[in-house]
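Here the structure comes first, spelled out in C-alpha cells, and everything after it is commentary.
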Amino acid sequence: QAKSARGNALCFFDPQMQAAINQRALWESELQTALAEEQFTLYYQIQVTADHRIVGAEALLRWRHPQRGLIAPGEFIAVAEDCGLIVPLGLWVLRTACRQLARWQHEPACAGLQLSINVSARQFRQSDFADIVIREIREAGAPAHLLKLELTESLMIDHVDDSIAKMYLLRTQGVRFSVDDFGTGYSSLAYLTRLPLHQLKIDQSFVRNLGVRAGDDAIVQTIIGMARTLELEVIAEGVETEAQREFLGSYGCDLYQGYLFSPPVPLVDLQAMVIKSASTVRA
Ligand code: C2E
Ligand code: MG
Ligand code: MG
Ligand code: MG
C-alpha cells in the first residue's frame, strides 16, 4: 500500500515544476548569501514640489549581484517574501535608512530631507514591528518625523485593528505613513479616516494614462480631492512627462516623483543633486 502511494506521488512528478523548485531554492540561498555579504544597496529617488524643490526621497532596494549585476526588486522581493527573508532584509533597509537620516542632519543641504521606505506585509505583521522601528530610530539617532513608511492598502486592511494600533504607536513617535500604489486596492473612505496617514501616493498606472484615458483623469482628480478632504498630502509616482506633470499640477497635486525629475540613483548622486538644487534655490 505504501508502495502504491509512493507510486501515485511519482505520477505527479513534473520536470518543469522540479526545475522551478530548484530555481527557487537557488535564489533563496543566493539571497541569504547576499544578506550576509552586504550585496544589497539602496538607491534614492527624489520627491519634488511643483517648483522642483527637493523635499525628500524614496529608498529603493537594489541587489548588486556578483555575476548578474544590478537587480531590481521586482525580480527578488517575491522570493524573499515567500521564504521569509524579507524580514531580515526589511530590517536592513530600515536600519540603513535610519542611519542615513541621522547622517544627513550634519549636512545643511540634506538636513530637512524626508526619507520614505517600503514595508512589506510580512515585516509589518510581526507583533513587535512598531518596537523594532522605534528601536532603530533611537539607535541611529534619526529624527523620527523625517522617516516615512510606505504601506499598501491591502497590507493595512488585512487585520485593520492591528494595523491601526501599530500605526498609532509609531505616529506618536513622529513617524509618518504614506499609502503606496493608492487607487489599486480597496479605496474606502471609511477605513482611510481610521488610519493615521500623512500621504497618499497615486499609483503610476493612473499617472501613465493621464490625458490618454479619460477615466484615469477622473480617478486622479478624485484621489487628489479625497486627499484634500482628508487633509492628506498627495504625491504622484511614475511622472515621466511634462504633460503628466501639468495635468497633476492643474488638479492640485502636492508632490511629484518620477523619471521626469530623476530615476533612482546611488546615494552620492542623490546628495550631489540635493546640494546643487539647494544652491540654485539660494542663488
Ligand atoms: P514602488 O514602491 O511603487 O516604487 C516605485 C517603482 O517605480 C520603483 O521601482 C521605481 O524605480 C519605479 N519608478 C520610479 N519612477 C518611475 C517612472 O517615472 N516610470 C516608471 N515606469 N517607473 C518608475 P523599483 O525600484 O524597481 O521597485 C519596485 C517595487 O519593489 C517598489 O514599488 C516596491 O513595492 C518594492 N520595493 C522596493 N524597495 C523595497 C524595499 O526596500 N522593501 C520592500 N518590501 N519592497 C521594496
Ligand atoms: Mg514605494
Ligand atoms: Mg508605489
Ligand atoms: Mg508602484
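The values are calculated or read from the model by the stated rules, or taken from the named source; none is laboratory data. Because the structure is a prediction, the values reported are computed rather than measured. Note that we place each Cβ from the backbone using ideal geometry, even for glycine, and neighbour counts take in every protein chain shown.
Quick notes on this structure:
- Identity of the residue in region 186-216, under 15 Å from Ser154 (Cα atoms) and assigned to a helix (DSSP H, G or I), that ends up nearest to ligand 3 (Cβ to nearest atom): Leu192
- Checking Asp51 against (1) at pLDDT below 95; (2) of a type outside the set (A, V, I, L, M); (3) under 17 Å from Val119 (Cβ atoms), the condition it does not meet: (3)
- Test for Asp254: is it of a type in the set (Asp, Glu) and modelled with pLDDT under 95: no
Per-residue answers, yes or no, for (1) in contact (Cβ under 8 Å) with a residue 12 or more places away in the chain; (2) more than 18 Å from Val268 (Cβ to Cβ); (3) within 15 Å of ligand 2 (Cβ to nearest atom); (4) touching a helix residue (DSSP H, G or I) at 6+ places or on another chain (Cβ under 9 Å):
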| residue | (1), (2), (3), (4) |
| --- | --- |
| Leu35 | yes, yes, no, yes |
| Leu42 | yes, no, yes, yes |
| His52 | yes, yes, no, yes |
| Leu60 | yes, no, yes, yes |
| Leu70 | no, no, no, no |
| Ala80 | yes, yes, no, yes |
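- Applying the condition of being away from ligand 3 (no atom under 16 Å from the Cβ) and out of contact with any helix residue (DSSP H, G or I) (no Cβ under 9 Å at 6 or more places or on another chain) to region 139-161 and asking which residue is nearest to Val93 (Cα to Cα) yields His145.
- Residue ID - surrounded by the most Cβ atoms within 10 Å (Cβ to Cβ), chosen from residues in region 190-209 that are touching a helix residue (DSSP H, G or I) at 6+ places or on another chain (Cβ under 7 Å) and closer than 17 Å to Glu231 by Cα: Ile202
- If you go through region 147-182 and pick out every residue that is within 15 Å of the chain's Cα centre (by Cα) and at negative phi, you end up with 17.
- Restricted to region 132-143, and to residues there that are in contact (Cβ under 8 Å) with a residue 24 or more places away in the chain, more than 17 Å from the chain's Cα centre (by Cα) and at negative phi, the residue that is surrounded by the most Cβ atoms within 10 Å (Cβ to Cβ) is Ile137.
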